[in-house]
Amino acid sequence: MKGRKVLLAAISLVVMTPCLSANADTQGTGSEGVSSLMEWVKQGKASGAIKYLWYYRDNDVSLDASTFAVGGNLKYETAPLYGFRVGAGFKTSQGASWNSDSKAVYGAVLDRSGPTSPENYTAMDEYYVSYQGYDTTVTFGAQSVFNPWIKGFDVYMAPIKYRGLSIKNTTFNVEESKHKFILEALYLDEVLGWTAEEFDSIASGYTKNPEADGGMFAAGVTYRAPGDLRFQLWDYYYEDVQNDLSFEARYRRPLSKDVNMVMNFKYLNRQDTGDAYAGELDTWTAGGDIGVSFKGFTLTGYYGQVGDDRVDDPYGGNKVIIQQAGANLQRPEETGYAVKLDYNFKQIGVEGLTAYTFLATYDTPDKGTNASQDYDQIDFNLQYKLGGWFKGCEARLRYAIRNVDDDVSGSLQDFNDIRFSLAYRF
């Protein structure tokens with residue numbers, strides 16, 4: 001563990017060094033962008049999304065769930081002034097009074113005060129100051145974050161947001177040879193979940209203890225080689241909770257004029273670092289996928305495994321297999337196999353229309369401490385992104401079916417899960 005902390009410190013030092021460099025003649029100070037406070041605000045940019053969601057689940061045993069709502073998120077960011085930008089945004093989801101109290105509240109479409117009691121929510125989810133210069137971007141405050149195991153995970157009304165400090169540096173990019181190195185470091189102490197109106201400790205997402213305290217320090221490096229080869233190495237240290245070491249590799253190449261191949265490999269090692277868990281935590285998850293595309297079709301096969309302890313992913317995660325519904329490939333000693341067939345209708349002249357079928361099976365031990373139910377799940381997805389005057393608009397319909405093997409007792413159940421969404425992103 002001591003070695004990992006040294007690695008984190010070393011990477012962070014490399015990331016921050018350009019910010020502290022006095023070599024302004026060669027580095028530059030970043031674009032001034034505008035010359036007055038009025039222009040700073042006027043020339044800024046608004047972005048966000050407006051959504052309508054209807055999510056429904058027909059459960060085999062427990063109460064069926066059904067929730068629909070209208071909402072989204074809106075952010076405004078100023079233009080750069082001597083490299084500085086300021087951003088602020090909010091999120092909302094409305095529709096509590098429109099839903100029946102005879103159905104359970106579905107997931108995070110709305111908040112809830114009880115199993116069948118939906119509640120609206122509105123919160124300021126972004127407020128930050130960002131500086132860009134010396135090939136480095138530094139952001140402080142409540143912000144969006146995207147890396148393998150900490151991300152927005154935008155599958156409901158608004159993405160997850162985080163509060164803290166993030167640094168990204170591209171000093172070591174070699175433009176002539178197209179080699180790209182991205183160095184990142186961040187410290188996050190709080191998180192705003194999908195339906196939350198107040199920020200909570202980032203440690204609470206893993207410990208399930210709302211009183212848990214402590215932040216998360218992470219550092220990572222991304223390398224992109226000429227062609228399409230990419231490596232990512234990240235280390236996440238949650239104070240007095242756990243340490244995660246993540247590695248990811250991706251390679252894509254054409255096999256012929258009409259055939260392309262892509263391969264991905266993912267690995268995560270997780271160990272406890274304090275007394276937050278009742279017992280020791282020492283686990284991992286690993287696997288990969290390989291896909292081949294031909295004239296609009298893409299066929300992909302997946303394989304993944306989990307170690308002796310559960311691998312939770314409250315902040316998006318980067319598991320090998322991620323399906324529409326349920327906690328896929330995270331139970332102790334779980335093995336997952338999957339195959340996915342995508343089709344892009346652009347091949348036959350229908351721009352913006354895509355579809356896929358995603359079939360997976362999950363196996364766990366039938367006996368012992370980690371015994372659990374096996375199950376199969378198949379997802380169907382149809383998505384249409386409009387263009388022209390309606391650019392940014394999209395409609396999506398998803399349907400998932402889960403069949404659980406009841407030879408082993410457990411809490412999993414069969415279900416049919418339907419998700420329909422309309423969205424305008426700008």
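The values are calculated or read from the model by the stated rules, or taken from the named source; none is laboratory data. Since we're looking at a predicted model, the values are computed, not measured. Backbone-built Cβ (ideal geometry, glycine too); neighbour counts: all protein chains shown.
Details
- Extreme residue, surrounded by the most Cβ atoms within 10 Å (Cβ to Cβ), among residues of region 38-59 that are closer than 21 Å to residue 394 by Cβ and of a type in the set (D, E, K, R): 51
- Test: residue in region 183-194 that is of a type outside the set (D, E, K, R) and modelled with pLDDT under 95: no
- Of all residues in region 162-184, those satisfying the criterion of being under 29 Å from residue 110 (Cβ atoms) and either part of a loop (DSSP other than H, G, I, E, B) or touching a residue at least 40 places away in the same chain (Cβ under 8 Å) (or both) are 162, 164.
- Residues of region 248-301 that turn out to be touching a helix residue (DSSP H, G or I) at 6+ places or on another chain (Cβ under 7 Å) and buried (at least 17 other Cβ atoms within 10 Å of the Cβ), as a count: 1
For (1) outside any strand (DSSP E or B); (2) on the phi > 0 side of the Ramachandran plot; (3) touching a Pro at 6+ places or on another chain (Cβ under 7 Å), each residue gets a yes or a no:
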{"site": "256", "(1), (2), (3)": "yes, no, no"}
{"site": "270", "(1), (2), (3)": "no, no, no"}
{"site": "284", "(1), (2), (3)": "no, no, no"}
{"site": "287", "(1), (2), (3)": "no, yes, no"}
{"site": "290", "(1), (2), (3)": "no, no, no"}
{"site": "293", "(1), (2), (3)": "no, no, no"}
{"site": "303", "(1), (2), (3)": "no, no, no"}
{"site": "310", "(1), (2), (3)": "yes, no, yes"}
{"site": "317", "(1), (2), (3)": "yes, yes, no"}
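- Of all residues making up region 232-291, the number that are charged (D, E, K, R) and more than 21 Å from the chain's Cα centre (by Cα): 10
- Within region 91-137, strands (runs of 3 or more DSSP E) holding 2 or more residues that are among the β-branched types (Val, Ile, Thr): 121-133
- So residue 141, is it surrounded by fewer than 19 Cβ atoms within 10 Å (Cβ to Cβ) and either without any contact (Cβ under 8 Å) to a residue 24 or more places away in the chain or not hydroxyl-bearing (Ser, Thr, Tyr) (or both): yes
- Selected residue (only one of 236, 187, 206 is free of Cβ contacts under 8 Å to residues at least 60 places away in the same chain and either in contact with a Gly (Cβ under 6 Å, 6 or more places away or on another chain) or not hydrophobic (A, V, I, L, M, F, W, C) (or both)): 187
- Among the criteria (1) within 26 Å of residue 281 (Cα to Cα); (2) small (Gly, Ala, Ser); (3) touching a His at 6+ places or on another chain (Cβ under 8 Å), the one residue 220 does not fulfil is (3).
- One residue alone among 349, 316, 307 is surrounded by fewer than 17 Cβ atoms within 10 Å (Cβ to Cβ) and either under 23 Å from residue 203 (Cβ atoms) or without any contact (Cβ under 8 Å) to a residue 24 or more places away in the chain (or both), and that residue is 349.
- Taken across region 323-338, residues that are in a strand (DSSP E or B), of a type outside the set (Ser, Thr, Tyr) and out of contact with any helix residue (DSSP H, G or I) (no Cβ under 8 Å at 6 or more places or on another chain) do occur, with at least one present.
- Residue in region 297-309 that is out of contact with any Lys or Arg (no Cβ under 7 Å at 6 or more places or on another chain), farther than 27 Å from residue 346 by Cβ and aromatic (Phe, Trp, Tyr) present: yes
Residue-wise test of (1) among the polar types (S, T, N, Q); (2) assigned to a loop (DSSP other than H, G, I, E, B); (3) modelled with pLDDT of 95 or more; (4) under 23 Å from the mean Cα position of the chain (by Cα).
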| site | (1), (2), (3), (4) |
| --- | --- |
| 38 | no, no, no, no |
| 41 | no, no, no, no |
| 48 | no, no, yes, yes |
| 67 | yes, no, yes, yes |
| 70 | no, no, yes, yes |
| 73 | yes, no, yes, yes |
| 76 | no, no, yes, yes |
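- Where a residue in region 36-49 is farther than 13 Å from residue 77 by Cα and its partner, wherever it lies, is surrounded by 14 or more Cβ atoms within 10 Å (Cβ to Cβ), with Cβ under 7 Å and at least six apart: 49/72; 49/73; 49/423; 49/424; 49/425
- Residue ID - farthest from the chain's Cα centre (by Cα), chosen from residues in region 144-153 that are closer than 20 Å to residue 108 by Cβ and touching a residue at least 12 places away in the same chain (Cβ under 8 Å): 144
- Selection status of residue 195, farther than 30 Å from residue 53 by Cα and not in a strand (DSSP E or B): no
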